[in-house]
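Colleague: One structure, pasted below without further comment.
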Amino acid sequence: MGVNGPLIVMVPLNKEPLLSFRDRVLHDDDLEQSRVLYRRPKLKATEEGRQKQKDDYKTALIRKQQRKERDIAMRSNHQSKKLEKLEQRFIESQELGYARLNEVKVRMREEKEVFYRQRAEILNDGIFHPTVGEKFLFITILLAISSPLWLTVVLIYNIYSRTRSRCRR
């Protein structure tokens with residue numbers, strides 16, 4: 001049977017003969033099966049049918065191509081937005097780096113100015129015009145630097161004077 005529902009049992013309640021009842025039930029079942037198994041009969045191919053089929057195929061191909069183009073456009077739009085965001089982040093990070101470099105440059109320039117100012121002050125006060133205390137310091141430094149020379153001279157002079165005084169006796 002072609003029916004997928006619950007099994008229905010028909011029982012004649014009137015005085016209908018069982019044979020005619022059976023024929024009626026089988027006839028109803030045949031109608032249901034013929035509805036389930038019904039297929040439209042094939043028609044002979046005509047030029048109009050072929051043309052309609054070609055037109056339908058062409059429109060389906062056009063729709064498919066349009067769908068592909070729309071998908072490609074959406075993907076390229078998405079990629080261009082991603083690239084735009086990436087470039088924007090890169091430019092912002094570069095600008096931030098340049099701002100930091102400019103701050104460091106300004107600080108270095110200020111430190112350089114302070115250095116030259118202090119250097120000029122020291123040179124103006126100068127080592128070339130020493131005060132009394134600085135003169136004493138300068139002489140001490142000069143003696144310390146030249147000490148190997150004059151110490152050896154003093155030592156040789158002492159040795160020479162001792163040996164000379166011994167030889168005279």
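The values are calculated or read from the model by the stated rules, or taken from the named source; none is laboratory data. Predicted model, so just to flag it, every value in this text is computed and none were measured. With ideal geometry, Cβ positions are generated from the backbone for all residues, glycine too; neighbour counts draw on all protein chains shown.
Colleague: Which members of region 115-143 meet the condition of being modelled with pLDDT under 80 and among the small types (G, A, S)?
Modeller: G126, G133, listed by residue number.
Residue-by-condition table, conditions (1) modelled with pLDDT of 75 or more; (2) part of a loop (DSSP other than H, G, I, E, B); (3) in contact with a strand residue (DSSP E or B) (Cβ under 9 Å, 6 or more places away or on another chain):
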position: N14; (1), (2), (3): no, yes, no
position: L31; (1), (2), (3): no, no, no
position: A45; (1), (2), (3): yes, yes, no
position: T59; (1), (2), (3): yes, no, no
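Colleague: Still on this model: Scan region 64-73 and tell me whether some residue there is at pLDDT 95 or above, surrounded by 10 or more Cβ atoms within 10 Å (Cβ to Cβ) and either under 30 Å from L43 (Cα atoms) or touching a Leu at 6+ places or on another chain (Cβ under 8 Å) (or both).
Modeller: The answer is yes, given that some residue of region 64-73 is at pLDDT 95 or above, surrounded by 10 or more Cβ atoms within 10 Å (Cβ to Cβ) and either under 30 Å from L43 (Cα atoms) or touching a Leu at 6+ places or on another chain (Cβ under 8 Å) (or both).
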